[in-house]
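Input: a single structure, listed below in structure tokens.
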Amino acid sequence: MTQTPAQTAPQMPAQTAVKLADYQPYSHVLDRVALTFHLSPQATRVQARLHLAPNPARGSGLDLRLDGENLVLIALAVDGQRLELQPDATGLTIPAHLLPDAPFVLETEVEIAPEGNTALEGLYMSGGMYCTQCEAEGFRKITFYPDRPDVMARFHVRIESDMPVLLSNGNPVAAGPGWAEWDDPWPKPAYLFALVAGDLVAHSDRFTTQSGRDVALNIWVRKGDEGFCAYAMDSLIRSMRWDETAYGREYDLDVFNIVAVDDFNMGAMENKGLNIFNSKYVLASPETATDEDFARIEAIIAHEYFHNWTGNRITCRDWFQLCLKEGLTVFRDQQFSGDMRSHAVKRIEDVLMLRGRQFREDGGPLAHPVRPDAYVEINNFYTATIYEKGAEVIGMLKRLVGDAGYKAALDLYFDRHDGAAATIEDWLQVFEDATGRDLTQFKRWYTEAGTPQVSVRDDWADGVYTLTLAQTLPATPGQPHKGLKVIPVAVGLLNPNGDEVVPTTVLELTEAQQSFRFSGLAARPVPSILRGFSAPVVLNRAVSADERAFLLAHDTDPFNKWEAGRALAKEVMAHMITDAAPVSRNWLAALARVALDHGLDPAFRALALRLPGEDDMAATLAAAGHVPDPVAVHAARQALADAVAAELAPVLPGLIAGMATPGPFSPDAAQAGRRALRNAALALLTRRDGGAAARAAFAAADNMTDSLAALVALLEIGAGAPELAAFEARWQADRLVMDKWFMLQVLYAAPQDLAAVVRRLTARPDFDWKNPNRFRAVIGALSANHAGFHHADGAAYDLLADWLLRLDPKNPQTAARMSTAFETWPRYDADRQALIRRALQRILTAPGLSRDLGEMAARMAAG
Ligand code: PHE
Ligand code: ZN
């Protein structure tokens, strides 16, 4: 008998969960911090002076625990007395007996190496400049500190460096050759700390707040980029004004700095007075940025600015409360974008995003509540659920309490919690106190995951119309049973002749099933349900194609008008896939009417022409109990696009000509909408004319929107190789534009070629995979090519796993985020499931796996 070697568990990082239930205030209070940085790429010294005292809320006699990772401790002293203590892997403990039972000063000096920091967390270097990223837990990689958001202190920072521009939070207080000092009068948690040092130039402006404070505004970029900041600056000024008018919130420092960096894990960061941005969300010109880029820059500039109040002045008690700042700030930036552009179009775009990303997350193995109660790695919880569903929950609250109630609650929130670290309980309490409404049941939106399903029956008898709504709540990982939700369902009723007979009314569904009666109607009405997408739910109602077409033609609610067309398109596509049905003539006619309706906003018409994506279709089929075949979904979408192109063929040239945008380029919503409709028409025409019009449009384009749209139209019909080459020749020196070039080839590769295309792209010397934007452009785009990613040979799955494992040791955060491409595996057939599971297993058993990617792979594999 041979002896079996003991099963050695794969070398897995500790997956210990942090739990909301374990929250305790910090042992000490921290009033003031003074930091001195001697910057050097390999050996930066950081000296910290912390003014601490025992926290009366916890009592005296407690050890002091400081977080700290990858720090070389040089010196440590309490009240000037040197201590010889050794840190452990995650921090430093100073035993109570070495601490006075009174206020004291703790001094540390550590050494760190920003140059080797590829994780882009803590102090790192990007393109020759020093910068920081501290949210969520990056400050502990800079110095020993209580790195938790409920410890708020005033920071004074001194930077010593030969870099010409030295920035930190707050106001500049003194500077000389080789040094600068900054002082931030507002107490803040360490995650809002920032430092930048580099050879930078500023695009500057000024802003006077409503109470008369004169604020210097600077957008700092590398030399040569200063001509690309005007739109971001304009967006910033409009954001500052908007927050004053819409929320009564004013800026509170003498300077507001934004810095653009090329290497950044996320979009941007709201550090107090010193926002740091992924350069992708700052730099723009008509030649280099698309209309979508402009809209995104405007939204993200606003988002980070709005955090100054919702996030910074009022912060989160702990990371479980992340949605307190993110959900609210997303909600605010959505309001802002709607005000700047079109509420209808913005709402449709937001819902497309919510369904595409959040519903997908909520229905899969990574589902979690808007306020989670446990995590292994907090970086894995910067999710569509926290951000987008977090914003939806606030939209529902506003709908339930009304505009006046919302305003009263927000005023109370700012009043009551300014300068403090708050919780979701605090947030709901201000709504209860300001409006008298009991939110006990509503709170479940925060604590329970999963997308509720609302089914609708209707009935007409004796002149009374009855709507019966019922809710069902799906199980999610760790939450098999759900409590009933409060679901605001906005409803309007239309006459058979198309007139609105009952304007939008909000029905509150709070029970498992409820009926709502409407009397005084002359005829059975056509209901328009869930107007404005009044709740993040899936609506189940058997609606005839005729009724959908009626709503597409007549609904006064722009969201539901669009939704009717969307639902029709999905039904048509589903029938093509499951029953080989032909494309519905009625749908084509209805779509054509909207596309040609000059009374409608061109942006809306362009959205109506956008066909459901393949991932969306796969999700829809799976929800209806089918196993989606990616090949069939791809074929159906192609056939559908061809049918639309054929139907509209006679009118496309006229539509294109009619949507011309004469005069200089402007990124405003009106022009952008015209370009969107024109380019939607061009894409259709390209399916008919072999690409002639798109080639001409590409050659003539004087802006990135038109240039890219023409290129995409060509790639969609399998053409465009010469244009891709011309694009590369023109833009090879521009990293942000080249990211687009990389991504397009991944998105539009023929499914069977995807793995080969990606192998070719990743072999190029300019595939700088340590740059998150470039990695995302190629590897992150893999799964957006749905049929290619899910090709039956599994090559794309393996390729993704290979690259995640390669990136993980360098940048675990980005590797973990990109792994969500695998989250939809339960939808697919057994063969594909097995292939994905094998890829996940390979990740899980890889030696030295990070906590970030380890947690994600484990959750997905368990799902
Ligand atoms: N707090 C940032 C935002 O949403 C996002 C972010 C999180 C950036 C973590 C970097 C790191 O505005
Ligand atoms: Zn945010």
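The values are calculated or read from the model by the stated rules, or taken from the named source; none is laboratory data. All values reported here derive from a predicted model rather than from experimental measurement. Using ideal geometry, Cβ is built from the backbone for each residue, glycine included, and neighbour counts are taken over all protein chains shown.
Of everything listed in (1) away from ligand 1 (no atom under 14 Å from the Cβ); (2) part of a loop (DSSP other than H, G, I, E, B), the single unmet condition for Asn308 is (1). Within segment 693-721, the set of residues being assigned to a helix (DSSP H, G or I) and surrounded by fewer than 17 Cβ atoms within 10 Å (Cβ to Cβ) comprises Ala696, Ala699, Ala700, Ala721. Checked against (1) away from ligand 2 (no atom under 16 Å from the Cβ); (2) surrounded by fewer than 24 Cβ atoms within 10 Å (Cβ to Cβ), Gly267 passes all but condition (1).
The single condition from (1) surrounded by 14 or more Cβ atoms within 10 Å (Cβ to Cβ); (2) under 22 Å from Ser544 (Cβ atoms); (3) of a type in the set (Gly, Ala, Ser) that Gly450 fails is (2). Under the condition of being surrounded by 20 or more Cβ atoms within 10 Å (Cβ to Cβ) and under 20 Å from Lys346 (Cβ atoms), the residues counted in segment 602-630 number 10. Close contacts from segment 622-640, counting a first residue that is closer than 17 Å to Arg832 by Cβ and a second that is in a helix (DSSP H, G or I) and of a type in the set (A, V, I, L, M), with Cβ to Cβ under 6 Å and a gap of 6+ residues or different chains, come to Pro628/Ala618; Pro628/Leu621; Pro628/Ala622; Pro630/Ala787; Ala632/Ile577; Val633/Met617; Val633/Ala618; His634/Ala787. Candidates are the residues of segment 772-820 that are among the small types (Gly, Ala, Ser), over 16 Å from the mean Cα position of the chain (by Cα) and not in a helix (DSSP H, G or I); the one that is farthest from ligand 2 (Cβ to nearest atom) is Ala792.
Would you point out which residue out of Ala289, Ala295, Ala284, Ala302 is away from ligand 1 (no atom under 12 Å from the Cβ) and either part of a helix (DSSP H, G or I) or among the charged types (D, E, K, R) (or both)? Step by step, each of Ala289, Ala295, Ala284, Ala302 is checked, and only Ala295 is away from ligand 1 (no atom under 12 Å from the Cβ) and either part of a helix (DSSP H, G or I) or among the charged types (D, E, K, R) (or both). The set of residues from segment 300-332 being buried (at least 24 other Cβ atoms within 10 Å of the Cβ) and more than 30 Å from Pro25 (Cβ to Cβ) comprises Ile301, Ala302, Tyr305. Taken over segment 88-111, residues that are part of a loop (DSSP other than H, G, I, E, B) and farther than 19 Å from Phe139 by Cα amount to 6.
Would you mind finding the one in Ala384, Ala344, Ala367, Ala404 that is buried (at least 22 other Cβ atoms within 10 Å of the Cβ) and modelled with pLDDT of 95 or more?
Just one listed residue meets the conditions, Ala367.
Taking the condition surrounded by fewer than 22 Cβ atoms within 10 Å (Cβ to Cβ) and more than 12 Å from ligand 1 (Cβ to nearest atom), does Gly395 pass? In short, no.
The rows are residues; the columns are (1) closer than 16 Å to Gly673 by Cβ; (2) within 11 Å of ligand 2 (Cβ to nearest atom); (3) in contact (Cβ under 8 Å) with a residue 24 or more places away in the chain; (4) of a type in the set (Gly, Ala, Ser).
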residue: Phe306; (1), (2), (3), (4): no, yes, yes, no
residue: Arg317; (1), (2), (3), (4): no, no, yes, no
residue: Glu326; (1), (2), (3), (4): no, yes, yes, no
residue: Asp333; (1), (2), (3), (4): no, yes, yes, no
residue: Phe336; (1), (2), (3), (4): no, no, yes, no
residue: Met340; (1), (2), (3), (4): yes, no, yes, no
residue: Ala344; (1), (2), (3), (4): yes, no, yes, yes
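Every test in (1) more than 29 Å from the chain's Cα centre (by Cα); (2) assigned to a helix (DSSP H, G or I); (3) among the hydroxyl-bearing types (Ser, Thr, Tyr) is passed by Ser235 save one, and that test is (1).
Taking the listed residues Arg347, Arg332, Arg313, Arg357, the one that is away from ligand 1 (no atom under 13 Å from the Cβ), out of contact with any Leu (no Cβ under 9 Å at 6 or more places or on another chain), under 17 Å from Met240 (Cα atoms) and charged (D, E, K, R) is Arg313, with no other qualifying. The set of residues from segment 506-551 being of a type in the set (Lys, Arg) and surrounded by 19 or more Cβ atoms within 10 Å (Cβ to Cβ) comprises Arg531, Arg548.
Give the residue that is farthest from Leu195 (Cα to Cα), with candidates limited to residues of segment 258-274 that are free of Cβ contacts under 8 Å to residues at least 60 places away in the same chain and within 12 Å of ligand 1 (Cβ to nearest atom).
Just the residues of segment 258-274 that are free of Cβ contacts under 8 Å to residues at least 60 places away in the same chain, to begin with: 258, 260, 267-268.
Restricting the remaining residues to those that are within 12 Å of ligand 1 (Cβ to nearest atom) gives 267-268.
On the way: Gly267: 18, Ala268: 14 Å.
It comes out as Gly267.
Here Arg776 clears all of (1) free of Cβ contacts under 8 Å to residues at least 40 places away in the same chain; (2) of a type in the set (Lys, Arg); (3) closer than 20 Å to Thr118 by Cβ except the condition numbered (1).
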